[in-house]
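The values are calculated or read from the model by the stated rules, or taken from the named source; none is laboratory data. Values in this document were obtained by computation on a predicted structure and should not be read as measured data. FYI the Cβ positions are ideal-geometry reconstructions off the backbone, even for glycines, and counts take in every protein chain you see. These accessible areas exclude ligands, DNA and RNA; they are computed on the full protein's heavy atoms, side chains included. Shrake-Rupley method; radii C 1.70, N 1.55, O 1.52, S 1.80 Å.
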Amino acid sequence: MALAFRQRFSSTRRGARLARRLAQAQLAFWGVPYGCPLSDDVGLVVGELAANAVLHGRVPGRDFELRMGYDGGQHVRVAVSDTREDASPPGEPSAVDPWSAEGGRGLLVVQALAREWGVAPRGRGPGKTVWADLSGTGAR
């Protein structure tokens, strides 16, 4: 990845919303305009992963982190890290019945939009990182 972005956010709903908005603003700075398919997809994926970090990966007093990489063309990698070790997303999100469950649809969105995604131990410190690779064009 040629271009990189990294930011920590408070583990609150406001922090998750800010992460999504800042991710799309960063893409616009890199030349991927608002409203194009790639920007929209990244916004949805960041929104879902940040919401999961806040709702399921929150440890009081600890932030979550958003990292993005962009190759300058059509590939973006999104990674959201939280500090909770005991709560991991399921390996196969399609195992959740989206029509009967009150939650659990977020990873279905990530799975539908990403070329691939996964979960890894957090590089530094406790917790985990959920990452997704997205590809698309920067203009409609």
Within the stretch 50-68, residues being within 20 Å of W117 (Cβ to Cβ) and either open to solvent by 10 Å² or more (accessible area, probe 1.4 Å) or part of a strand (DSSP E or B) (or both) number 10
Note on Y34: of the conditions (1) modelled with pLDDT under 95; (2) touching a Lys or Arg at 6+ places or on another chain (Cβ under 8 Å); (3) open to solvent by 30 Å² or more (accessible area, probe 1.4 Å), unmet is (2)
Checklist entry - Any chance the stretch 79-89 includes a residue that's at pLDDT below 60 and open to solvent by 60 Å² or more (accessible area, probe 1.4 Å)? => result yes
Going through (1) modelled with pLDDT of 95 or more; (2) over 21 Å from G15 (Cβ atoms) one by one, V42 fails only at (2)
With the condition kept exactly as written, say whether any residue in the stretch 90-111 is open to solvent by less than 50 Å² (accessible area, probe 1.4 Å), closer than 19 Å to L18 by Cα, outside any strand (DSSP E or B) and modelled with pLDDT under 90. yes
